[in-house]
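One structure below.
No value in this document is a laboratory result; all are computed from the given coordinates. This one's a predicted model, so the numbers in the text were calculated from it and none came from an experiment. Every residue, glycine as well, gets a Cβ built from its backbone with ideal geometry; the counts of neighbours run over all protein chains shown.
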Amino acid sequence: MLMKKVEVLRAACCVAGVDGEVTEREQILIQRLADETGVGKVSLNAMIQRGQTDPSFYQEQFRILKADPDQAMQLLFMVACADGELKTQEREVLYHLAVALEMSDKRFNQWLAAAHKKVQKNDSV
C-alpha cells in the first residue's frame, strides 16, 4: 500500500509540474501526500523538479498500481485543479495515467467533467 502511495505521489508531482510550475495550493496537496508516505523534503523536491523539467518523468508513472484507480485519479485531479485551472498538459498527463490504470474513457470523462465544473466554480476537486 505504501508503494502505491509513493507512486501516486510521483504521478501527482508530474501532474502539478507538467506546466512548468507548482503553485502553492498544488504544493500543499503534494506535501500532504508526501507526509502520508514518509517521503522526505529532499526526495519530494527532486520529484517536483523532475515533474517540472523532465517530460519523460510522467511516462515512468504509468506503472501505478491498479488497486484503487478511482482514489488515485481523484487525488491527481485534485492536484491538477488546485491552482484553479486545468491546463491542456495536465489533462494529457491525467489521460495517459488513466489509460495506464485501465480506466474507461467514460469514467475518465466523468472525472474530467467534474474537474471542469469545480474549476469553473474556482474550487478544487
Check each of the GluC sites (Glu not before Pro) in the stretch 1-36 and keep only those in coil by DSSP with at most 16 other C-beta atoms within 10 angstrom; list them in order. Glu21
Using the scaling law 2.2 N^0.38 Å as the reference, what is the normalised Cα Rg of the stretch 2-120? 0.94
By the DSSP-based rule, helices of the chain that are at least 15 Å long along the axis (C-alpha) and have a mean Kyte score of at least -0.5 are 2-17, 41-53, 69-81, 88-100
